[in-house]
Amino acid sequence: MLVLAKTELAVDYSGPTILHTKTTEREYIALVWGNIEAEEGTIEGNIDRHVTNRMQMAVYPDGEQGKHAVTHFKVLERFGYVTLVSCRLETGRTHQIRVHMKYIGHTLFNDERYGGNLILKGTTFTKYKQFVDNCFKVLPRQALHARTLGFEHPITKEFLRFESEIPQDMVECIEKWRVYSKAQTFEELE
């Protein structure tokens, strides 16, 4: 989801006013590796470029570098080896959800840049590997979708909220995991 400012007033308002006063509402849907134990939580940690891989961002929890970042998550559905979550952003840093979820041990499904394109949880059975590979083919990108964007209109002060349906490739991948998880017993959840 993308919002563009068409006037100078809107440009002036959209940058400093919306982002710095936290008047936006941003919700993302993500499929992440692993079974998140908590039903909901908050991830805090400064985010800055990774020291050795400049294509990645990293979390610096002690605040020695980077910019403050806060992500709130809530579990929507569990599929054993992956979890569907809602993420609400309090800040807006580059790769914030991707790096925060990896930081807590739950890399986004099929996120090549952060290692989610490898099988991070599950069994060693060939059938499972084939299943995951099929999911990667159905969803050939990271499993992240901007579902809701809300903000105050610069002139009318009306709160506007826009919602975007989950794309079909992500819906199909989630459904594959839903069917798979109902057919399995997860005795060895990691």
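Say R0 is 35 Å: what FRET efficiency, to the nearest 0.05, do HIS68 and LYS127 get from their beta-carbon distance?
0.20
Report the local net charge at GLU163: Lys and Arg +1, Asp and Glu -1, summed over other residues whose C-beta lies under 15 Å from its C-beta.
+1
Checking a compactness column here: for the chain, what do you get for Rg(Cα) / (2.2 N^0.38 Å), N being the number of residues?
This ratio for the chain stands at 1.12.
Which value results when the Cα radius of gyration for the stretch 92-155 is divided by 2.2 N^0.38 Å?
For the stretch 92-155, the normalised Cα radius of gyration is 1.45.
222 nm [θ] for the chain, helices only, -39500 (n - 2.57) per DSSP H run of 4+, per residue, to 500?
Mean residue ellipticity, 222 nm, calculated: -6500 deg cm²/dmol.
Quick check for you: with a 1.4 Å probe and neighbouring chains kept, what is the accessible area per residue of the chain, in Å²?
58
Measure off, as a whole percent, the carbon and sulfur share of the 1.4 Å-probe accessible area of the chain, all protein chains present.
About 51 percent, which is the carbon plus sulfur part of the accessible surface.
The values are calculated or read from the model by the stated rules, or taken from the named source; none is laboratory data. Just so it is clear, the structure is predicted and the values come from calculations on it, not from any experiment. As a convention, Cβ positions derive from the backbone with ideal geometry for all residues, glycine included, and neighbour counts pool all protein chains shown. Side chains are part of the model used for accessible areas, which takes the heavy atoms of the whole protein and leaves out ligands, DNA and RNA. Shrake-Rupley method; radii C 1.70, N 1.55, O 1.52, S 1.80 Å.
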